[in-house]
Amino acid sequence: QVQVVESGGGLVQAGGSLRLSCAASGRIFSIGTMGWYRQAPGKQRELVADITSGGITHYADSVKGRFTISRDNTKNTVYLQINSLEPDDTAVYYCYARQRWLDYWGQGTQVTVSS
């Protein structure tokens with residue numbers, strides 16, 4: 001079993017920055033793609049960004065230029081640097097780690113942006 005734990009969320013003013021972290025641990029053989037989704041109140045969960053084990057990144061159009069995803073393969077950890085935060089970024093941010101054909105999810109970390 002693989003455990004995924006997110007950290008780094010919080011309350012921040014619009015225009016501020018946060019750095020989210022997500023670490024995978026447990027029965028790890030080879031973690032593939034890792035990424036972040038978010039779910040705002042009353043909305044569906046949406047992909048924010050993901051990154052392959054080789055470092056290829058993909059972003060949702062709504063966050064391009066403001067969010068940066070990166071990872072440390074030696075630590076099985078993925079990061080999400082969030083700049084120029086907007087109230088619409090308020091959501092629970094969920095991390096996932098893919099191993100073989102399974103996605104393992106964290107419990108989520110709350111990001112709240114005040115205007």
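Taken together, the values in this text are just the output of simple stated rules run on the coordinates, not laboratory data. As the structure is a computational prediction, the values presented were derived from the model and not from experiment. Don't worry about glycine lacking a Cβ; one is built from the backbone with ideal geometry, like all the others, and counts go over all protein chains shown.
Across the chain, the relative contact order, built from alpha-carbon pairs under 8 Å that are at least six residues apart, equals 37 percent.
For the chain, modelled as a GNM whose springs connect Cα atoms under 10 angstrom apart, the maximal fluctuation among Val12, Val48, Val78 occurs at Val12.
Basic side chains Lys and Arg get +1 at the Cβ, acidic Asp and Glu get -1 at the Cβ, and with that the dipole of the chain about its Cα centre reaches some 300 debye. Toward the positive end of the charge dipole of the range 34-93, with +1 on the Cβ of Lys and Arg and -1 on the Cβ of Asp and Glu, the farthest Cα among Thr74, Trp36, Gly55 is that of Thr74.
Among Asp103, Asp89, Asp61, the largest mean-square fluctuation in a Gaussian network model of the chain (Cα springs under 10 Å) belongs to Asp61. Rounded to the nearest whole Hz, the Karplus-based 3J(HN,Hα) values (6.51 cos²θ - 1.76 cosθ + 1.60, θ = phi - 60°) of the range 5-10 follow the sequence 10, 9, 7, x, x, x, with x at glycine and proline. If you run the Gaussian network model on the chain, springs between alpha carbon atoms under 10 Å, then out of Arg71, Arg100, Arg19 the most flexible one is Arg100.
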